[in-house]
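The values are calculated or read from the model by the stated rules, or taken from the named source; none is laboratory data. Bear in mind the structure is a predicted one, so any value in this text is a computation, not a measurement. Neighbour counts are summed over all protein chains in view; Cβ atoms, including those assigned to glycine, are modelled from backbone coordinates with ideal geometry.
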Amino acid sequence: MITNFIFGRQIYLWLIFFCLQAAIPSLSEGYNSQYQKFQEKLIDHRSRLNPEFKKIKRQKTGYIIVHTSELGLDATLRVVSKGKQFQSGYKTPGGHAHYVIARNGRTYRILDRKYRADHAGRSMWNGRTNISDISLGIELVGYHDAPITSAQYRSVGLLIRILENVYGLDDRDVLTHSQVAYGKPNPWFKKNHRGRKRCAKNFDRSKAGVGQTWKYDPDVRAGRLMADPLLVGVFYGSPHKEKIPLAEPLVPGSNIISKTNSAWSIAGGDYNRQTTAYLLPDGQTLPGNKIAGTIGWDRLPVNTKVLLNQDADPGVIQIQAQTPVKTISESITAWSHAGQAYREDTTIYFLPSGRIYPGSKISDWDDLPVRTRLLLGYKGPFQITKSQTAYKIAGNKYKAPETIYYLPPGTLATGDKMIDFTHLPKGVQVFLPISSK
């Protein structure tokens with residue numbers, strides 16, 4: 001009986017073993033197939049590359065650098081392929097990334113991975129400078145203070161694994177642009193320093209299936225660079241672990257200047273760029289390269305709003321800042337207007353199609369078409385009827401410039417521009433600032 005039991009048990013274990021052996025290839029094939037499917041779905045954007053870009057083969061690949069583009073999808077694809085055009089007339093020849101990953105996970109191949117992409121700029125890691133020479137660049141469409149989508153994390157995780165296998169890299173070789181970029185002395189730092197970029201500081205490695213990063217900044221520890229307090233806290237834990245030259249509290253996620261949130265804290269090395277717009281509380285708009293000569297960095301007023309990567313005319317930005325109805329364009333996105341409030345119920349979107357949504361119902365701000373209008377800090381809609389008049393809804397403020405009327409099929413008008421309240425068309429709605437009583 002005992003012998004038969006043991007023999008039967010051995011047969012049972014052998015059957016399990018052979019079943020597992022048979023299953024392993026199929027599991028492995030399934031595991032590999034997701035990488036194959038991902039590569040098959042890559043969108044080849046290489047034909048859009050600026051012909052003036054000079055293709056130079058990279059001699060070595062030691063790092064994968066993750067960026068956030070600080071732009072919407074269309075503008076990101078245009079800039080990384082065609083280059084950056086500045087109002088001063090200066091332009092770059094493109095080739096600023098190898099891959100772009102849209103917020104829906106769709107991945108674009110911008111440049112063949114064997115060539116050098118000009119993506120890291122002034123950079124250093126572990127004593128080595130010009131990181132673009134020895135790295136691959138991946139742009140995630142979005143902003144460093146906006147959430148990266150789950151679809152992006154899935155795609156970037158697959159792409160990183162593929163590239164690691166191709167070049168024999170490990171997870172410690174995956175870094176963000178904000179980790180490797182460095183800046184020259186400025187009003188906040190007396191020496192070369194980390195923190196020139198905030199790019200991809202919101203990149204959660206675990207969500208991409210990437211292991212831990214370095215436990216310290218090797219260039220700060222070696223004394224080659226001064227540390228940035230924000231980035232030390234983001235990447236290496238407590239800022240007290242390193243010598244921090246700038247002991248100012250910060251307001252993570254805010255693009256509003258306050259007593260504890262400086263232009264440097266918000267914009268990093270782009271603080272004095274022509275493409276960084278400062279919207280002052282008095283309605284004036286100035287590009288970053290005009291602040292020092294007109295106001296001075298130490299006298300920049302609190303409640304000034306900072307917008308990055310703005311290629312729109314400063315006059316257009318100023319008009320947008322002064323009107324309650326904002327308009328989305330290629331250069332001014334929902335995030336530019338609203339910051340983290342882009343997805344709040346109090347941010348109301350009016351799509352060109354005529355549909356109206358609160359921010360909480362917008363699945364992805366990057367999918368919003370140009371000419372979409374929005375209101376910030378508003379409640380509504382309140383439907384006007386025979387019994388529910390504009391006055392009953394808004395009180396004495398029914399003619400105020402901050403009271404917004406929606407007239408089908410798509411007109412938005414401020415209260416002070418409304419002429420006839422007695423013959424309003426059917427379907428008129430009212431939106432009121434949340435501060436209204």
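Points worth noting:
Each row is one residue, and each column tells you yes or no for (1) surrounded by 18 or more Cβ atoms within 10 Å (Cβ to Cβ); (2) at pLDDT 95 or above; (3) closer than 28 Å to residue 339 by Cα.
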{"site": "28", "(1), (2), (3)": "no, no, no"}
{"site": "37", "(1), (2), (3)": "no, no, no"}
{"site": "56", "(1), (2), (3)": "no, yes, no"}
{"site": "67", "(1), (2), (3)": "yes, yes, yes"}
{"site": "76", "(1), (2), (3)": "yes, no, yes"}
{"site": "79", "(1), (2), (3)": "yes, no, yes"}
{"site": "88", "(1), (2), (3)": "no, no, yes"}
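- Given (1) at positive phi; (2) in a strand (DSSP E or B); (3) not β-branched (Val, Ile, Thr), index of the condition residue 94 fails: (2)
Here is a yes/no grid of residues against (1) closer than 25 Å to residue 118 by Cβ; (2) polar (S, T, N, Q):
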{"site": "178", "(1), (2)": "yes, yes"}
{"site": "198", "(1), (2)": "yes, no"}
{"site": "201", "(1), (2)": "yes, no"}
{"site": "211", "(1), (2)": "no, no"}
{"site": "223", "(1), (2)": "no, no"}
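- Residues that are in contact with a helix residue (DSSP H, G or I) (Cβ under 7 Å, 6 or more places away or on another chain) and either closer than 16 Å to residue 121 by Cβ or surrounded by 20 or more Cβ atoms within 10 Å (Cβ to Cβ) (or both), drawn from region 275-287: 276, 277, 278, 279, 285, 286
- Residue check: residue 353 meets all listed conditions (1) under 30 Å from residue 79 (Cα atoms); (2) in contact (Cβ under 8 Å) with a residue 40 or more places away in the chain; (3) among the small types (Gly, Ala, Ser) but one, namely (2).
- Residues in region 416-435 that are in contact with a strand residue (DSSP E or B) (Cβ under 8 Å, 6 or more places away or on another chain) and closer than 15 Å to residue 379 by Cβ: 429, 430, 431, 432, 433, 434.
- Only a single criterion out of (1) assigned to a helix (DSSP H, G or I); (2) over 22 Å from residue 109 (Cβ atoms) is not satisfied by residue 182, namely (1).
- Those residues of region 345-372 which are more than 23 Å from residue 100 (Cβ to Cβ) and surrounded by fewer than 16 Cβ atoms within 10 Å (Cβ to Cβ), in sequence order: 345, 352, 353, 354, 355, 360, 361, 371
- Residue match in region 372-383 (condition: at pLDDT 90 or above, in a strand (DSSP E or B) and at positive phi): yes
- The set of residues in region 194-210 being more than 16 Å from residue 146 (Cβ to Cβ) and at pLDDT below 95 consists of 194, 195, 196.
- Whichever residue in region 52-78 is β-branched (Val, Ile, Thr) and not in a strand (DSSP E or B) and, among such residues, is farthest from the chain's Cα centre (by Cα): 56
- Region 132-175, residues that are closer than 26 Å to residue 255 by Cα, modelled with pLDDT of 95 or more and of a type in the set (D, E, K, R): 139
- Flag if residue 139 is crowded, with 19+ Cβ neighbours inside 10 Å, of a type in the set (D, E, K, R) and in contact with a strand residue (DSSP E or B) (Cβ under 9 Å, 6 or more places away or on another chain): yes
- The set of residues in region 120-144 being in contact (Cβ under 8 Å) with a residue 24 or more places away in the chain and not in a strand (DSSP E or B) consists of 120, 121, 122, 126, 127, 131, 133, 134, 141, 143, 144.
Yes/no per residue for (1) within 21 Å of residue 174 (Cα to Cα); (2) surrounded by 15 or more Cβ atoms within 10 Å (Cβ to Cβ):
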site: 52; (1), (2): no, no
site: 72; (1), (2): no, yes
site: 92; (1), (2): no, yes
site: 97; (1), (2): yes, yes
site: 103; (1), (2): yes, yes
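- Residues located in region 328-350, provided they are free of Cβ contacts under 8 Å to residues at least 40 places away in the same chain, hydroxyl-bearing (Ser, Thr, Tyr) and not in a strand (DSSP E or B): 336
- Consider region 218-232 and keep the residues that are in a loop (DSSP other than H, G, I, E, B) and buried (at least 20 other Cβ atoms within 10 Å of the Cβ). The one that is modelled with the highest pLDDT is 225.
- Residue among 386, 397, 379 that alone is more than 20 Å from residue 72 (Cα to Cα) and either hydroxyl-bearing (Ser, Thr, Tyr) or touching a strand residue (DSSP E or B) at 6+ places or on another chain (Cβ under 7 Å) (or both): 379
- Pick from region 392-416, criterion without any contact (Cβ under 8 Å) to a residue 12 or more places away in the chain and in a helix (DSSP H, G or I), ranking: surrounded by the most Cβ atoms within 10 Å (Cβ to Cβ): 392
- Output for region 147-194, where each listed residue is surrounded by fewer than 23 Cβ atoms within 10 Å (Cβ to Cβ), among the polar types (S, T, N, Q) and touching a residue at least 60 places away in the same chain (Cβ under 8 Å): 149, 186
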